[in-house]
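The values are calculated or read from the model by the stated rules, or taken from the named source; none is laboratory data. Everything numeric here is computed off the predicted structure, so don't read it as measured data. Heads up, the Cβs are rebuilt from the backbone with ideal geometry, glycines too, and the neighbour counts pull from every protein chain shown. Heavy atoms of the whole protein, side chains included, go into the accessibility calculation; ligands, DNA and RNA do not. Shrake-Rupley method; radii C 1.70, N 1.55, O 1.52, S 1.80 Å.
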Amino acid sequence: MLDFGVVDTFYQGFTSVLVVLLWYYFLSGLFNWKSVLKILVLAFFLGVLSVFVADFILLIMVLINFASQFIQKKSLNYDKSGILLLVVIIQVLIGNIAMFLGRMSVRGLYNVSNLMGVQYYTHELLIIYVIFVIIINYAILFFYRRYCHKIVSVNRKIKELNLSKSLFELILIFYVAIESIMLISLNENITATIQLTLITSFIVMLLMMLWQMVFLFGRT
């Protein structure tokens, strides 16, 4: 595991939270120009918090969101909570992929032979990481816009059949599994490659299930 400095850790956390919030507000139909300031402020404060909690900032953000819903409405909004969890899961995968590609890029660009040598290029690694995060998310946005009508149709079917809670529980199980992998990786010093492989396996299974739902409900 690489040790980023305080400033680099802040920027990494800020980037992760910002992307999650942008997707969450966009998919929840809450995104507008007025919400941009709120998103930036939340991303800044959570970015500062990430300096102390590092990789677990997204987990804390999820817990804060759930707690605020319970405090305000005494219950969870399964639609929005499911969206948040799904976005976080996907961004965890993207973050791991971006970090892996960043490490490979640094090793190639600066002729570094091992992971320890990458420690001297954390600033460059962070820049490459952010670039890959932006590129991958832009690609996802491109495909989302292309198949937006199908996604809207499936979402409508889910609400009609009252499956929001069941889908939320499914996504929650996958999220708990992924967070468990990250926690074990942190304590047992599991390599980033193995962690990425495990997380990718879980997310591929989740996406395959979601794709089956799209295929099934899209035809009805």
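In table form, for the structure just shown:
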read-out: Search result, residues across region 129-145 that are in contact (Cβ under 8 Å) with a residue 40 or more places away in the chain and either open to solvent by less than 50 Å² (accessible area, probe 1.4 Å) or of a type in the set (Phe, Trp, Tyr) (or both); value: TYR129, VAL130, VAL133, ILE136, ASN137
read-out: Conditions (1) open to solvent by less than 60 Å² (accessible area, probe 1.4 Å); (2) more than 21 Å from ILE134 (Cβ to Cβ): number failed by TRP23; value: (2)
read-out: Residue match in region 63-75 (condition: open to solvent by less than 60 Å² (accessible area, probe 1.4 Å), aliphatic (A, V, I, L, M), on the phi < 0 side of the Ramachandran plot and in contact with a helix residue (DSSP H, G or I) (Cβ under 8 Å, 6 or more places away or on another chain)); value: no
read-out: Residue match in region 77-86 (condition: among the acidic types (Asp, Glu) and closer than 21 Å to LEU206 by Cα); value: yes
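Condition check ((1) closer than 22 Å to SER185 by Cα; (2) basic (Lys, Arg); (3) outside any helix (DSSP H, G or I); (4) modelled with pLDDT under 90) across all residues:
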| position | (1), (2), (3), (4) |
| --- | --- |
| SER16 | yes, no, no, no |
| PHE26 | no, no, no, no |
| PHE31 | no, no, yes, yes |
| LEU40 | no, no, no, no |
| MET61 | yes, no, no, no |
| PHE66 | no, no, no, no |
| GLN72 | no, no, no, yes |
